[in-house]
Every structure is written in C-alpha cells, then in structure tokens.
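Below you'll find the structure, written out as structure tokens, and then a few comments.
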Amino acid sequence: MKDENCIFCKILAGDIPSYKVYEDDEFTVILDAGPATRGHALIIPKDHYKNLYELPEELAAKAFVLGKKMITALTKALGCDGYNLVQNNGAVAGQTVEHFHLHLIPRYEGDDAGFGWHMGSLDAEDAQAILEQIKGAI
Ligand code: 5GP
Ligand code: ZN
C-alpha cells in the first residue's frame, strides 16, 4: 500500500536516498533529514497510513515495541542521556509528512532541542467538564 505522492513512500521505495538505521518486514527506521538532535530517527511503517488514526492497532503496537528496542540500543550506541518519542497527527499538531511516523529523538545533557509546552493549570470545574464531555467516547 503506497501513495505515489508521498515522500516517505518514495524513500521506502529507494527513489529518494536516506540513511537507513534498521529495517524489518514492516518498518524502516531512517535518520531524520532535519534532526532536532544528533541521531534523530524516524520509525516508518512500510505501508502508507496517513496518521495514527488510520494505522491498524497491530502496527501501532509494533511501532511502540520497536521504539523501545531502538532507544535501548541507541542510547548505548550514541551515548545520549535520554529520549523523546514524538508522534504528530494533523497539521495543527505539527505533522508535515502525511505518512505515519514515530520520532526517536535522543536527548543530551545541555542540548537546546526546544520542544515541549508551557504548563497550564487544571481547573477542577473544567476537569469535571472534560470528563463529562468524553464520557462514553472511549
Ligand atoms: P512531522 O513534522 O510530520 O512529525 O515530521 C516529519 C519529519 O520528516 C521532519 O522531522 C522532517 O525533518 C523529516 N523529513 C522530511 N522530509 C524528509 C526527507 O526527505 N528525508 C528524511 N530523512 N527526513 C525527512
Ligand atoms: Zn507514504
């Protein structure tokens, strides 16, 4: 399952070069071309699914298990101090390539990878409203 207009499908087909970290039957892991830190990699399923909403549950589970395997090996290999696993869905969430991928971002003491969020505060009334709003949805 490919999308001929998708840059990741082109990479997986070998039409666009990439630096391959790992490959199995269902996933390829490549270095990100615009790394947040040294060693930033992407887990990409070989079949084209737009995002986590569309990714089959079985592949979603396998992607996270592979994430664990990768960061366990790469923390030692790269000598990093921690890892962020980031996964964006939708342009508003920062997704720029519409082929599901899981970012593996090594973190180094003192690095300046500036992503995160400003912590707000959870208001008790709104917390109740949120629970009411999502009741029955899951
Ligand atoms: P998103 O913003 O969709 O979560 O992440 C897309 C990622 O793909 C970005 O971190 C970007 O640097 C990376 N990327 C975009 N085009 C290419 C490419 O042609 N090759 C590689 N290796 N990474 C790419
Ligand atoms: Zn694709």
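The values are calculated or read from the model by the stated rules, or taken from the named source; none is laboratory data. Computed from a predicted model, the values in this text were never measured in an experiment. Glycine also receives a Cβ, built like all others from the backbone with ideal geometry; neighbour counts cover every protein chain displayed. Side chains included, ligands, DNA and RNA excluded: accessible areas come from the protein's heavy atoms. Shrake-Rupley method; radii C 1.70, N 1.55, O 1.52, S 1.80 Å.
Summary of computed values
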item: The range 83-134: C-alpha gyration tensor shape, a/c 1.5 cut-off, then a/b vs b/c; result: oblate
item: Per-residue ³J(HN,Hα) for the range 52-62, Karplus 6.51 cos²θ - 1.76 cosθ + 1.60, θ = phi - 60°, Hz, x for Gly and Pro; result: 5, 4, 8, 5, x, 3, 4, 6, 4, 5, 5
item: Angle in degrees between helix 124-134 and the longest Cα principal axis of the chain, rounded to the nearest 10; result: 60 degrees
item: Rounded percent of accessible protein surface that carbon and sulfur make up, the chain, 1.4 Å probe; result: 55 percent
item: Gain on full stretching of the segment that runs from ILE16 to ALA60 - 0.36 nm per residue minus C-alpha separation; result: 13.3 nm
item: Tensor-based shape of the range 53-108 (alpha-carbon gyration tensor, a/c under 1.5 rounded, otherwise prolate or oblate); result: oblate
item: Space enclosed by the convex hull of the alpha-carbon atoms of the chain, per residue, Å³; result: 147 Å³
item: From phi via Karplus (6.51, -1.76, 1.60), per-residue ³J(HN,Hα) for the range 70-77 in Hz, x at Gly/Pro; result: 5, 5, 5, 6, 6, 4, 5, 5
item: Separation of alpha-carbon centers, the range 1-39 and the range 69-111, rounded to whole Å; result: 14 Å
item: Estimated [θ] at 222 nm from DSSP helical runs (n ≥ 4, -39500 (n - 2.57)) normalised by residues in the chain, nearest 500; result: -9000 deg cm²/dmol
item: Net lengthening on full extension, GLU23/GLU4 (0.36 nm per residue, minus Cα-Cα); result: 4.7 nm
item: When each of LYS10/LYS50; LYS2/LYS62; LYS20/LYS76; LYS20/LYS69; LYS50/LYS135 is checked by Cα-Cα distance, pairs over 22 Å; result: LYS50/LYS135
item: 1.4 Å probe accessible area per residue over the chain, in Å²; result: 68 Å²
item: Protection-proxy order for peptides 56-65, 97-106, each taking the mean of Cβ atoms within 10 Å per residue, highest first; result: 97-106, 56-65
